[in-house]
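Structure below; questions to follow.
The values are calculated or read from the model by the stated rules, or taken from the named source; none is laboratory data. Treat the numbers as computed from the prediction; the structure is a model and nothing was measured. In this analysis, Cβ positions are derived from the backbone assuming ideal geometry, glycine residues included, and neighbour counts consider all displayed protein chains. Accessible surface is based on the protein model in full, side chains and every heavy atom, while ligands, DNA and RNA are left aside. Shrake-Rupley method; radii C 1.70, N 1.55, O 1.52, S 1.80 Å.
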Amino acid sequence: MPSLHHMHALYDFAHAADQVLPKLVRDYINGGVEDEQALARNLDAFAETLLLPRYLMDVVEPNIQVQLWGQSYARPFGIAPMGLQGFARPNMETMLAQAAHDAQIPFVLSGAGTCTVEQIAETAAPYSWFQLYIARDRNVSRDLMRRADKAGIKVLILTVDAPVHSKRERDWRNGFGPNPKLGMRIIIDMLLHTRWLIRQLIHGLPVFANWAPYAPTQKRRDINHFFTQQIPFSQTWEDVRWLRDQWPGQLVLKGILHPSDVIKSLECQVDGIIVSNHGGRVLDAAPSALHQLKLIRNELGPEPVLMLDSGLRRGSDVLKAYQAGANFVWIGRPALHATAAFGLPGAQKLIDILEEEIRLCMAQCGWQTISGTP
Ligand SMILES: Cc1cc2nc3c(=O)[nH]c(=O)nc-3n(C[C@H](O)[C@H](O)[C@H](O)COP(=O)(O)O)c2cc1C
């Protein structure tokens, strides 16, 4: 396994994580839906987009800060919500939240997280955001919001692009689909990844921690079963309006790709949108998020707060997203790779590498601020 010292790009962490994680977890993280075309489309969209440099500008100290709703973030990217992180490494969410806090960037705890919203807020306030999937039982969603608000969370994300289970065939082949039943080869592979195994044995298998208070018993199996019965749940605009009434802070919809849905969101008094195809994990025929963000910005003008995730792997990708009209961007899988391989120092190094690439690329392109081309 390479050392942290040898990590120079986000892709290096993917290779390092490959060596630590068993196939089941690798596939869960890296996989996309069906033929993984949306996953590839995200990367292609960035590769096909160019940046046209301007020279002879004073770019020694480019400004990479971003303001969102009065809160200042020191770097122009955050860590996207990703569920079941404890399966890759126990306490991964608190490590990423800690790294985000130190770097003054936002970390989003997934509604399918394996740490509680209270733990994350304690680690990373005011940089922690919370992502919700609306549960079948509205009382559960209401109470989750109450807890997030009480813990000091200011921004709530509602993920709208996963109304049903998606057909992630890597997982299904591994026996990790909707009705999990692991095959012998997968179990042996898990046993052979001793470092990962020992951590899981010491810590205990992960649990959807936020859902524990609502489950019939506190047994891990019952909590996880309760969660999978509540979610996924088909949501409507009525649910968005309901959520808007309930949540006192900023409300963001994640997974929007159609300009008309942005307009509807604004009509529901939503504060921001994350243009995303869920990293190619839900609809294989979905367009790339980068392409759609550009289209939505061109159609709707400068007003809506539009963020982006899905496929960012380089500092230059961050610039390409801002060039397309993003107000902020989110990193997904690479954050899991870095932390799975190296824990908190890995998460910190990932943030440093991305920041360094952004600064270099801004200087090369003649950008003085991240939110405006010269
Ligand atoms: C392992 C994994 C779990 C995820 N879980 C969630 C989740 O619980 N909620 C959510 O809104 N998005 C989830 N996502 C999607 C991410 O928030 C984000 O949209 C996506 O990873 C961005 O693409 P990227 O990985 O190419 O950067 C998950 C993504 C991955 C890779």
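For a quick check: with amide H placed at 1.01 Å from N, whose amide H comes under 5 Å from G366's, ignoring anything fewer than 5 positions away on the same chain?
Sorted by chain and number, the residues that satisfy this are R54.
Take the range 223-280, compute every pairwise Cα distance, and split them into 10 Å bins from 0; I just need the percent in each bin.
So the P(r) values, bin by bin, are 20, 45, 30, 5.
Measure out, as a whole number of angstrom, how far apart the alpha-carbon centroids of the range 75-126 and the range 1-32 sit.
19 Å
Can you give the direction-averaged projected area of the convex hull of the alpha-carbon atoms in the range 4-365, in nm²?
Details: hull surface 69.8 nm².
Orientation-averaged projected area of the Cα hull: 17.5 nm².
So if R0 is 45 Å, what FRET efficiency would Q37 and Q67 give, r being the distance between their Cβ atoms, rounded to the nearest 0.05?
E(calc), rounded to 0.05, equals 0.80.
Check every DSSP H run in the chain and write down those whose alpha carbon atoms cover 30 angstrom or more along the long axis and whose mean Kyte-Doolittle hydropathy is -1.0 or greater.
344-365
Putting +1 on Lys and Arg Cβ atoms and -1 on Asp and Glu Cβ atoms, find which of G31, A99, N174 reaches farthest to the positive end of the dipole of the chain.
Towards the positive end, the residue furthest out is N174.
What translational diffusion coefficient, in µm²/s and rounded to a whole number, does the Stokes-Einstein relation yield for the range 1-150 at 37 °C and a viscosity of 0.692 mPa s, taking the hydrodynamic radius as the Kirkwood radius over Cα pairs? Don't jump to the answer; show the numbers that get you there.
Working: Rh = 18.3 Å.
In µm²/s, the coefficient rounds to 180.
Can you put D137, D102, D161 in order of accessible area, largest first, using a 1.4 Å probe? Write down the numbers at each step before the final one.
Numbers: D137 60, D102 85, D161 25 Å².
In descending accessible area the options line up as D102, D137, D161.
Mind checking which of N42, N224, N179 has the largest fluctuation in a GNM of the chain, springs on alpha carbons under 10 Å?
In the Gaussian network model the winner is N179.
Can you run phi through the Karplus equation (6.51, -1.76, 1.60; θ = phi - 60°) for the range 275-281 and list ³J(HN,Hα) in whole Hz, with x for Gly and Pro?
6, 7, 10, 6, x, x, 9
Using a 1.4 angstrom probe on the protein heavy atoms only, could you order L10, L197 from most to least accessible area?
Listed by decreasing accessible area, they come as L197, L10.
Using r as the Cβ-Cβ distance of H6 and L360, and R0 as 22 Å, what FRET efficiency do you calculate, to the nearest 0.05? Kindly include the intermediate steps, with their values, before the conclusion.
Values: r = 19 Å, r/R0 = 0.88.
The calculated FRET efficiency here is 0.70.
Suppose every Lys and Arg Cβ carries +1 and every Asp and Glu Cβ carries -1, with no other charges. What dipole size does the chain come out with about its Cα centre, to the nearest 20 debye?
Taking the Cα centre of the chain as origin, the dipole is about 940 debye.
FRET efficiency for T369 and K167, Cβ-Cβ distance as r, R0 = 45 Å, nearest 0.05?
Calculated transfer efficiency: 0.60.
Same structure, new question: Return the long-range amide H neighbours of W129 (sequence gap of 5 or more, or a different chain), with a cut-off of under 5 Å between placed amide H atoms.
Under 5 Å from the amide H of W129: F107, V108, L109.
Then there's this: Return the loop-located trypsin sites (Lys or Arg not before Pro) in the range 92-198 (DSSP other than H, G, I, E, B) with at most 10 other Cβ atoms within 10 Å of their own Cβ; answer none if there are none.
Passing sites in the range 92-198 are K181.
Please arrange R244, R41 by accessible surface area, largest first, computed with a 1.4 Å probe and ligands excluded.
R41, R244
Out of all DSSP beta bridges in the range 4-365, what portion is antiparallel? Express it as a percent rounded to 5.
So the antiparallel bridges amount to about 10 percent of the total.
Pairs to check: K264/K294; K254/K320; K167/K254; K154/K181; K219/K254. Give those whose C-alpha atoms are more than 28 Å from each other in this structure.
K154/K181; K219/K254
Over the chain, with a Gaussian network built from C-alpha contacts below 10 Å, which listed residue (L360, L312, L156) shows the highest mean-square fluctuation?
L360
Over the Cα atoms of the range 228-333, what Rg and Dmax result, in angstrom?
Taking only Cα atoms of the range 228-333, I get Rg and Dmax of 14.0, 41 Å.
May I ask you to give the percent of accessible area on the range 1-118 that is carbon plus sulfur, with a probe radius of 1.4 Å?
51 percent
Determine the per residue accessible area of the chain with all protein chains present and a 1.4 angstrom probe, expressed in square angstrom.
Per residue, the chain has 44 Å² of solvent-accessible surface.
Out of residues 5 or more away from I256 or on other chains, whose amide H comes under 5 Å of its own, with H placed 1.01 Å from N in the peptide plane?
I274, S276
Can you give me the Kirkwood hydrodynamic radius for the range 281-374, using every pair of distinct Cα atoms, in Å to one decimal?
Over the range 281-374, the inverse of the mean reciprocal pair distance is 14.4 Å.
If you build a Gaussian network model of the chain, linking Cα atoms that sit under 10 Å apart, which residue out of K349, K264, K294 swings the most?
K264
What is the distance in Å between the Cα centres of the range 326-374 and the range 245-292?
The range 326-374 and the range 245-292 have Cα centres separated by 22 Å.
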